[in-house]
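Below is one structure, written out as structure tokens; the observations come after it.
Any read-out appearing in this document is the output of simple, stated calculations on the displayed coordinates, not a laboratory observation. These numbers come from a predicted model, not from an experiment. Here the Cβ is made from the backbone with ideal geometry for all residues, glycine too, and neighbour counts use every protein chain on show.
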Amino acid sequence: MEICGQIVSGEHGEIFIRQKSGETLEIGEMLAVGENPISIMMVYDLTYGSQLSQGNLELASGMHIEGMGAGLSFMEENLQNYVIAKVKAVAYVKKNVNGKYEASIPKSLPQFFSKVRKVTSADFEFLSDGKNAEHSLYLGCLRSGSSRLKDMEITIDGPDALTHHILITATTGRGKSNLVKAMLWKLLDKEYCGILVLDPHDEYFGNSAAPGMRDHPKAKENVVYYSPSASAPKGSITLRINTKSVKPWHFNGVVNITDAQSQAMHLIYQRYRDDWIRKMFEESAEAASLAFSDERTGGKSGIEAYLESRGVMEGTFAALKRKISVALDIFEEGGKIIEKGVFTTKETGIGAADDILAALESGKKVIIDTSRLSSYAEILVGSIIANKVFEKYAEYKSAGTLDGKPVVSIVLEEAPRVLGASDGEINVFGRIAREGRKFKIGLIGITQLASLIPREVLANMNTKIILGNEMEAERRAIIESAAQDLSTESKMIASLEKGEALVSSIFTKFAIPIYTPLFNDIVKETKAAESKQPVRKYVGSDD
Amino acid sequence: MFDNCVSKIADILSSQSASFEAGAPYFADSHYKAIPFDVSNFRKFAPKRNGSTLCFVDGGNLDIVSAPNFSIQFLRIASVAFKGGKRLPLSLPQRIESIALVTHASDLRKFKVQYFPLDDGQRQYLPQDFEISKSSFSNSQDELAQHPISAAGGAARKFAEWNYGARIIRECLDKGDIFVRDGALQVGLEGEEKFATDAYAAANDKGVIFSGFAKTSTLVTTTGFPLTASVQMLANKHNVGGAWYYAPLAENQNPRHLGDIFVGKFFEHSPYAFRFEIHNGAGREVGAIFEEIADNSRDLSFPGYPYGLVVADKLARVEMGERDALQARIKLQLSRVKGIRECIAATDAHKIISGL
Amino acid sequence: MPSKSIFDFSNSGDAAKNEETKEKKAPREKHKREAPRSAAAHKHEISKSKIAQPPAPVPPKKEGTIRFAHLADCHLGAFRDDTLRELNIKAFENAIDKSVAEGADFIIIAGDLFHTNVPDMRVAERCARKLRHLKEKGIEVFVLYGSHDYSPNEKSIIDVLKGAGLFNKLGGGEYVGDKLKLKPSEFRGIPIIGLLARTSGLEKSDYEHLDTEALEALPNPKIFVYHSAIAEYRPSFLKDAECVPLSLFPKGFAYYAGGHVHERREVDERGYGTFVFPGHTFGADFRDLESDAEEAPGFYIVDIESGAINLHFVPVEIPEIMLADFKADGKGALEFKEELQHWANGGNFAGKIVMLRVAGKLASGKPNEVELEKIRETVLEKGALVCVLNRGSLSSAERLAVQIDTSKSKDEIEREIIGEFVSKASFKDDALNGKKGAELAISLSGALKQEQRANETKDTYHRRVFGDVRKVMDSAEGQK
């Protein structure tokens, strides 16, 4: 057992360890005391310690650097000057007689003056104790400071964690998307969850330049990729959503709609049902007057006349139509309907939302490339699908069949856009954040700015994967809502390198430091393990 | 107003320092015959011999619980040895820890001192229990003068230091090794001489150089200037650079002070010069001994002061915090002694007041 | 008999016999009509409406134009009922005759010419006769395996007819390494490439390995023939079908001749070309016939004229189809029987295909007491060519005594009780009846019993509850 230090003082939550000379302790490093039970501790701060007073040290330095210290040195320097690590005990692990681990939050101090060693993978066997590998959610490997215990994969229980929402926070370049890619990759052959990824950077599916989910051996079976781009890679499905799938409530909290406009919207919907949007655009004076000749008022015609007969103020329809037009990228020009985005009033895209729902329900991972969509359209697409999932799962719940369904989780980039505080109606994502877990629906929110997410929602995101973040205010927002007391970890979070993270979850005994390997390496590793493709035969080959 | 006062004080002091040169070492005791300053008495160190061990001993004691009729003291004697710049473990315990109980002897003019080592195995390194005249701790013969019972703890420590030092010399050191005790070689207490004599005898038997290093010195010159300061200023005035030692300062005829007195500067850039004494200094390679000590005084923590003494002091020091813990434990045990509360109350009123 | 909540939606056993409905996934909403409750209008029927305006006639073929017919999903041999099977063949023959009449230079049959790979020989003989007729006229035929007539070891009737030289079989090709290289056929320099279908959409992996680059390099105009549903165009009734996304298709074909989806569709797809599904020529199941009642089935005549594609849809001539829907809700078995008998006696069914659908819950009596077979006999006596019965959702209230199972949760019991009460009640608005009505009641009570949240103002709370209720009502309206 390599000794790296010794407990010299402290209190609960702030234990002081004198570093052994020749050893280097790091912030975030995990240390252990004992063999069974084991106290696992984490270094959260480092200071110098010296047997000399500050004045003496300054004098000594002065002698040295002012040229009067020739021949002077510290005798027994190791004894006089050293490093003190501030650590906190994070877990207390006991292996009982039948080989089961019992891990608990430490409520006592380790033995005073205990010798402290670095952790090994064996110390963390308790993390995988009793876990269902089929239900695992991979996050990376265990990390101790900057060293990686590669053979110690860190996973959490997927169904629990996903339905209780996951928040991934970091500033740019600290490895958010790498982490999400790694998570998705390892989830691809897991059937317990369907994942919907709204991908505004089109980075998850992959292309010839950068690997992605399409490179997974199970990609064909388990990945569905939608892209609006005609040049999207083979196997992708053209993202096209028929306006028949769009319902008035999909705009809730997505587009800012006034009460009057909302009322108008529902009136139109009641009148035309699934065709309500097409009708709004198709409405020409003649067609409209034919349809509503009995409800014509003062020379007005069409939907407008109908609305006004129902007490909707003049102008409301025009304003509503403008908003919907912008949101859907559908415009009317010279009597023609121009569809610039993914929404269409034509014959295609009718089953898209259902297909996505069906894929999610069968545990597939659906990636939607929203890189070419306006922010409105992206959220609307998400809102339509999320509503579908929500409605369907609520139905399963009331029918008592929800248990057999996979968990559905929605990956939201720049989460505050949809989860941010708003005065208006709560959108479907806000609803999922608050009550999704009852319906086995969860969110994976990704953000740089957790502070923009309302506290209530933050508190509901019960697993936080905290990557490096040098913004103090952001760290504070995360720490305040974390599942563990991370008040001492702020500095550590600031100093996390790319790929390094801290996982704080109600499903972990302590905030686990992890390292997520580079996604490209994970891909290479998987590919190396892949077996050869079978020889293919085409039925028409004899012809 | 304040500045005015200080300015006047500065004037007085500067007139004093101006006159240092006119002085010579001053010894009130007639056993010493001062020798006037002479710049030619500055000496450079000589190359040290190789392979000798330097051993430092220091002790500390602290009154833990006391009343006019008893004093319970904690004492700790420590040693540290170096050879070739590296710490050398000795076969004796590095620290001797003991409680010393001081009470009034049946002869009420005396205190009785008893040692209670924390580890029984260490009893052998401690002196026998002893009695000592109360007058040792007061210059006055007045019956009503204070003879603080706690002061006798100092005697317990000093005797233990000598005793432990002698054991180290006998058991751990060899010819040519240097033993350094903290403080001068002068003995002041009744009965101390006996311990010193025993230690010197041990040193003589083994050919060990016995020395004392005084970190503070009360010696002054005839003009009232500190002796060590005067020697330094003399050196400065005559541009005696580098490290040096100065001797002789006096002819020492004191039977209770068997050492030759030196003033030494152990590191060139240090502002400090120290009084250093060697038992039977005559005829020894004093320059080499100084070099040996100087070599141990190059630690950045206190250049010019032996690192060994820094360590010994730390090892031996009884911290106030430690006292509080010990005090609590002792008081707890004593609580079953009848009347103890009242006894302690006789002298602890100041504590109550300072806590107000 | 154990109680059965109306949430249990499985059909009663006798309904399973109706083989015509086995492929049907979900009836399209437009067919859900409510039976009028007034005595005068007990019966409700939709006369064959076809389409409001018949398609414009095909213009005469111009000089230099290559004209072909595009058929798919003839399903020859489908239907156990002799009359329907015969009508199906007739529809095919009519399509071929019309193709000849319109001057088609060649004919593409994009899969499922036959309903099975080894059909009744009488059916095969009829088809061969027609093909021989085409051969005599010098009209080439290109046939692709469909999901029904495909054979993994090429022992399909298709292979027999091909062997007899009656048509060209499309879909040839082979794997070279991991790439599927398709062998083009051609007609007067126009490459025709087919990718054959397999059962259950298994051909998808062939698409995934398709060497599209080689196909894209072929000169245009060119035709790609396939028999698969396309993900982007999937109609809502093909819910669970395996679909091929557009991105797996080779780009730049002038014409993509599709089959498999029994619904007519034309889409100009940017970057690709014109995708056409002609739909079936007659249909193979009850749902198909229902759709035929609304819009006549048919095929396409396509002109390739200096590279441009012109489409003309040609309906086939089939007998008039009459849809009749009857609701049994709240009626006694004898009362309902009388109602049907009355309708059958008074109807004019001469020369029509009559599709009789009965649904709902009888207030008393059992479904078999309605004696639907007798009704059918009457309809046939009255001159109908065929009478197709659909009684899948006819059930009896007598089976619905609710017993409370104490092992169930409060929610489940609540649902059962609401279900029971709703099933006994009868409302004018159908949205309030049956499972839908019960769901609505439960959703509504769920929306209304929400409590104010700790951090919610009264206003927000009000708005939220109101919004949720409105949503429930909207979606109930939407299902009507």
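Observations on the model:
- Phi to ³J(HN,Hα) by Karplus 6.51 cos²θ - 1.76 cosθ + 1.60 over region A:151-165, Hz, x for Gly, Pro: 7, 10, 6, 9, 10, 10, 5, x, x, 5, 5, 5, 6, 8, 6
- Counting only aspartates and glutamates at least 8 places from residue C:61 when in the same chain, those with an alpha carbon closer than 19 Å to its own are C:97, C:102, C:105, C:140, C:303, C:305.
- Near the amide H of residue B:273, within less than 5 Å, lie no amide hydrogens of residues on another chain or at least 5 residues away, with H placed in the peptide plane.
- Size of electric dipole in region A:388-456: Cβ of Lys, Arg +1 and of Asp, Glu -1, about Cα centre, debye, nearest 20: 260
- For the set A:365/A:392; C:98/C:183; A:509/C:458, the pairs lying more than 27 angstrom apart at their alpha carbons are C:98/C:183; A:509/C:458.
- Out-of-range pairs (alpha-carbon distance over 22 Å; input A:346/C:436; A:220/A:527; A:181/A:388): A:346/C:436; A:181/A:388
- Rounded if a/c under 1.5, otherwise prolate or oblate - region C:258-416, Cα gyration tensor axes: oblate
- Residues residue A:471 and residue C:295, FRET efficiency given R0 of 51 Å [Cβ-Cβ distance, rounded to 0.05]: 0.25
- Estimated FRET transfer efficiency when R0 is 30 angstrom, pair residue B:347-residue B:118 (beta carbons, to 0.05): 0.75
- Over 25 Å (Cα to Cα) - which of C:62/C:135; C:90/C:337; A:190/C:251; A:94/A:118; A:218/C:222 fall in this group: C:90/C:337; A:190/C:251; A:218/C:222
- Projecting label points 7 angstrom from Cα along Cα→Cβ for residue A:105 and residue C:338 puts them 7.5 nm apart.
- Cα-derived Rg over Rh, computed across chain B with Rh taken as Kirkwood radius: 1.00
- Cross-link partners of residue A:234 among aspartates and glutamates (Cα-Cα below 13 Å; sequence separation of 8 or more within a chain): A:215, C:206, C:208, C:211, C:213
- The longest part of chain B holding none of the exposed loop trypsin sites (Lys or Arg not before Pro), meaning those outside H, G, I, E and B in DSSP with at most 10 other Cβ atoms within 10 Å, is B:1-174.
- Binned Cα-Cα distance frequencies in chain A - 20 Å width, integer %: 19, 43, 25, 11, 2, 0
- Potential extension, residue A:112-residue A:133 segment - 0.36 nm per residue separation minus Cα distance: 3.7 nm
- Integer Hz, Karplus 6.51/-1.76/1.60 couplings in order for region B:330-343, x for Gly and Pro: 5, 4, 4, 5, 6, 4, 7, 7, 5, x, 5, 3, 5, 4
- Cα gyration tensor category, rounded, prolate or oblate, for region B:125-229 with a/c compared to 1.5: oblate
- Region A:86-198: translational diffusion in µm²/s, Stokes-Einstein, Kirkwood Rh over Cα pairs, 25 °C, 0.890 mPa s: 148
- Inter-probe distance in nm under a simple model that places probes 7 Å from Cα toward Cβ, at residue A:220 and residue A:309: 5.7
- Number of Lys pairs (Cα under 18 Å; 8 or more positions apart or on different chains) in region B:74-215: 11
- Inter-label distance for residue C:214 and residue B:107, nm, one decimal - labels placed 7 Å from Cα along Cα-to-Cβ: 12.4
- Theoretical gain in end-to-end length, residue C:178 to residue C:153 [0.36 nm per residue, Cα-Cα removed]: 6.9 nm
- Between region A:190-215 and region A:77-116, the Cα center-to-center distance that results, in Å: 41
- Principal-axis analysis of the Cα atoms of chain A puts helix A:176-187 at an angle of about 80° to the longest axis.
- Relative contact order computed over chain C (Cα-Cα under 8 Å; 6+ residues apart), in percent: 17
- The base-10 log of I(q)/I(0) for chain C, evaluated at q = 0.09 Å⁻¹, reads -0.73 [Debye formula, identical scatterers on Cα atoms, solvent excluded].
- Residue A:114 long-range amide H proximity, modeled H, under 5 Å: A:7
- FRET E, pair residue C:469, residue C:421, Förster distance 22 Å, beta-carbon r, rounded to 0.05: 0.60
- Debye-formula intensities of the protein assembly as shown, expressed as log10 I(q)/I(0) at q = 0.06, 0.09 Å⁻¹, are -0.74, -1.27 (one equal scatterer per alpha-carbon, no solvent).
- Where only alpha carbons of region C:66-315 are counted, the Rg and the Dmax (Å): 16.6, 49
- Distance between region C:71-106 and region C:303-317 - C-alpha centres, whole angstrom: 19
- Candidate lysines - alpha carbon under 18 Å from residue B:331, same-chain residues fewer than 8 apart omitted: B:351
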